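**Student:** My structure is below; once you've seen it, I'll send some questions.
The values are calculated or read from the model by the stated rules, or taken from the named source; none is laboratory data. Since we're looking at a predicted model, the values are computed, not measured. Cβ atoms come from the backbone with ideal geometry, glycine included; neighbour counts cover every protein chain shown. Note: areas computed on protein heavy atoms with side chains; ligands, DNA, RNA excluded. Shrake-Rupley method; radii C 1.70, N 1.55, O 1.52, S 1.80 Å.
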Amino acid sequence: MKSAVRTQAQALGFDDCRITTATPPASAESLHQWLAAGHHGEMAWLARNAAKRADPQQVLPGAQSVILLAASYHQEKIPAQKNNSPAGVIARYAQFADYHEVLGARLKELTAFVNELGGASTRSLWYVDTGPVLERDLAQRAGVGFVGKHTNLISRRLGNWCFLAEILTTLALPPDTPEKNHCGRCTRCLAACPTQAITAPFQLDARKCISYLTIELKGSIPEEYRRAIGNRIYGCDDCLAVCPWNRFAQKGNLLRDHARRDLAQPDLLALLRLDEAGFKSRFAGTPLLRTKRRGLLRNVCVALGNVGDATARPDLTRAAADPEPLIAEHARWALAEIAARES
């Protein structure tokens, strides 16, 4: 049955499929310590679901196995645009159609296959970054990859550029061999973090992380981090990009036809001019909808404060009068930054 599951996963486009048991992950205690230290910031759902994350049995009673899936989102870097308008940077994973939808459709099919394989009594649940599951830890135990010093999963076959998904099932399947850590003495990811959010190997303070600041944080970005954000407007890849294991990265089967090349280097001034309808139209079907207009334009203002010049002043002046206070505040900060550079 295990072979049949793996063959079906490959047929559906997943780049890797491994199995582990549904026993609690070894890192459960570390999760509780991380939450107690407040390193999760405003991501309150992590604390609310902590007990479930620490024990798959609380997610699916009677679970015997966890099927871990990986899908690569590696693609060749798009050359820089040759124009005078400042461009923003969007994390690589978000330069595709929403991965929840792309992977979810295949996971639903694979879950139905698993239930049919196991018989009428088999129950299964699938998740794509949405369920209370410590998926990186389970993925290491299943042999998909290993958790690096930046706290993300690294695959020796796919590098850092891969989505994870999982199926919890009451069907008992033989587990695969766990992966060992292969970071060695390398600390490139720690040195690369613009805000020193990786406070020590395998330790992340999310409150400092640019991905958190530009996506998860709903209010004002602390001024102490704004300059370090540079022209990033949705997420950050710096700690992932410097990893030596990326030399093995390869294009995935599932995501290759879902790339949004228009999101590779978006024009910051054009983004700042988006109204609500324009925002929804531009980013329909992408992860960027998550920030809402107020969040994305907040980020755009910060980016323009860091890389903009006098040409950005008219648009920022209009943004400083935006009915949304969050956008207006960050636009005023950006105008002050540009003025300071010109003085």
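**Student:** Which order do you get for VAL102, VAL89 if you rank them by accessible area with a 1.4 Å probe, largest at the top?
**Tutor:** These residues rank, largest area first, as VAL89, VAL102.
**Student:** How big is the charge dipole of segment 84-173 about its Cα centre, in debye rounded to the nearest 20, if each Lys and Arg gets +1 on its Cβ and each Asp and Glu gets -1 on its Cβ?
**Tutor:** For segment 84-173, the charge dipole is close to 360 debye.
**Student:** In percent, how large is the relative contact order of segment 1-116, given Cα pairs closer than 8 Å and 6 or more residues apart?
**Tutor:** That works out to 35 percent.
**Student:** Could you give the nm distance between label points at ARG123 and LEU289, where each point is 7 Å from its Cα heading toward the beta carbon?
**Tutor:** The modelled label-to-label distance comes out at 3.1 nm.
**Student:** What value, in deg cm²/dmol to 500, does the helix sum -39500 (n - 2.57) over DSSP H runs of n ≥ 4 give at 222 nm once divided by the residues of the chain? Don't jump to the answer; show the numbers that get you there.
**Tutor:** Values: 14 runs with 125 residues, N = 343.
Theoretical 222 nm ellipticity from helices: -10500 deg cm²/dmol.
**Student:** ARG6 accessible area, nearest 10 Å², 1.4 Å probe?
**Tutor:** Solvent-accessible area, nearest 10 Å²: 90 Å².
**Student:** Below 8 Å between Cα atoms, with a sequence gap of 6+, how large is the relative contact order for segment 124-200 in percent? Don't skip to the answer; put the middle values down first.
**Tutor:** Details: 88 pairs, mean separation 27.7, N = 77.
Once normalised by length, the contact order is 36 percent.
**Student:** By how many nm would the segment from ALA321 to ASP267 lengthen if fully extended, with 0.36 nm per residue of separation less the alpha-carbon distance?
**Tutor:** 17.4 nm
**Student:** Going by average Cβ neighbours within 10 Å, how do the peptides 135-144, 175-184, 251-260, 294-303 rank, with the highest at the top?
**Tutor:** Per-residue Cβ counts within 10 Å, averaged per peptide and sorted highest first, yield 294-303, 135-144, 251-260, 175-184.
**Student:** Right, something else. Largest first and to the nearest Å, give the Cα extent of segment 197-237 along each principal axis.
**Tutor:** Cα spread of segment 197-237 along its principal axes, largest to smallest: 27, 18, 17 Å.
**Student:** What is the percent carbon and sulfur in the accessible area of the chain, measuring with a 1.4 Å probe over the protein chains and ignoring ligands?
**Tutor:** So the carbon and sulfur contribution to the accessible surface is 52 percent.
**Student:** Give the Cα extents of segment 47-116 along the principal axes, in whole Å, largest first.
**Tutor:** So the three principal-axis extents are 59, 33, 16 Å.
**Student:** Which value, in debye to the nearest 20, gives the size of the charge dipole of the chain about its Cα centre, when Lys and Arg are +1 and Asp and Glu are -1 at the Cβ?
**Tutor:** In total the dipole reaches around 440 debye.
**Student:** Another question, if that's okay. Rolling a 1.4 angstrom probe over the protein heavy atoms, how many square angstrom per residue are accessible across the chain?
**Tutor:** 45 Å²
**Student:** Here is a follow-up. In whole Å, what are the extents of segment 90-204 along the principal axes defined by its C-alpha atoms, from largest to smallest?
**Tutor:** Principal-axis extents of the Cα atoms in segment 90-204, largest first: 52, 33, 25 Å.
**Student:** Dipole of segment 32-112, Cα-centred, from +1 at each Lys and Arg C-beta and -1 at each Asp and Glu C-beta, to the nearest 20 debye?
**Tutor:** That gives a dipole near 100 debye.
**Student:** Lys/Arg Cβ at +1, Asp/Glu Cβ at -1, dipole of segment 79-143 taken about the Cα centre: which of THR111, ASN84, GLY131 is farthest positive-ward?
**Tutor:** Positive-most Cα among the choices belongs to ASN84.
**Student:** Same structure, new question: Order 157-166, 106-115 from most to least packed using the mean count of other Cβ atoms within 10 Å.
**Tutor:** Numbers: 157-166: 23.4, 106-115: 18.7.
The most tightly packed comes first, giving 157-166, 106-115.
**Student:** Moving on to the next point. May I ask you to derive the FRET efficiency for THR177 and GLU101 from their Cβ-Cβ distance with R0 = 30 Å, giving the value to the nearest 0.05?
**Tutor:** Efficiency for this residue pair is about 0.40.
**Student:** When the convex hull of the C-alpha atoms of segment 21-71 is computed, what volume per residue in Å³ does it have?
**Tutor:** Spelled out: Cα convex hull of segment 21-71, divided by residues, is 99 Å³.
**Student:** For a quick check, take a GNM of the chain with Cα springs below 10 Å and name the residue from SER65, SER121, SER27 with the largest mean-square fluctuation.
**Tutor:** Among SER65, SER121, SER27, the largest mean-square fluctuation in the Gaussian network model of the chain belongs to SER121.
**Student:** What helices does the chain hold that run 15 Å or longer along their axis, going by alpha-carbon atoms, with a Kyte-Doolittle average of -1.0 or more, using DSSP H for the helix calls?
**Tutor:** Details: long enough: 99-118 (28 Å, 0.08); 292-307 (23 Å, 0.19); 325-342 (26 Å, 0.12).
In the chain, the long hydrophobic H runs are 99-118, 292-307, 325-342.
**Student:** Among TYR73, ALA331, GLY41, whose Cα sits farthest toward the positive end of the charge dipole of the chain (+1 at Cβ of Lys/Arg, -1 at Cβ of Asp/Glu, about the Cα centre)?
**Tutor:** Checking the options against the dipole of the chain, the answer is TYR73.
**Student:** Using 31 Å as the Cα-Cα cut-off, could you pick out the over-long pairs in LYS180/LYS280; LYS218/LYS251; LYS52/LYS280; LYS251/LYS280; LYS208/LYS280; LYS108/LYS251? List each step's numbers first, then the result.
**Tutor:** Numbers: LYS180/LYS280 43 Å; LYS218/LYS251 33 Å; LYS52/LYS280 34 Å; LYS251/LYS280 29 Å; LYS208/LYS280 28 Å; LYS108/LYS251 23 Å.
Beyond 31 Å between Cα atoms: LYS180/LYS280; LYS218/LYS251; LYS52/LYS280.
**Student:** Mean separation of Cα pairs under 8 Å and 6+ residues apart, divided by the residue count of the chain: what relative contact order is that in percent?
**Tutor:** Answer for the chain is 23 percent.
**Student:** Provide, as a two-decimal number, the C-alpha radius of gyration of segment 1-41 over 2.2 N^0.38 Å, N being how many residues it has.
**Tutor:** 1.85
**Student:** Once the Cα atoms of segment 85-154 are picked out, what are the Rg and Dmax in Å?
**Tutor:** 16.3, 59
**Student:** Turning to a different aspect of this structure: Semi-axes of the equivalent ellipsoid of the chain: what are they in whole Å, largest first, if each equals the square root of 5 times a C-alpha gyration tensor eigenvalue?
**Tutor:** Ellipsoid semi-axes (Å, largest first): 38, 21, 19.
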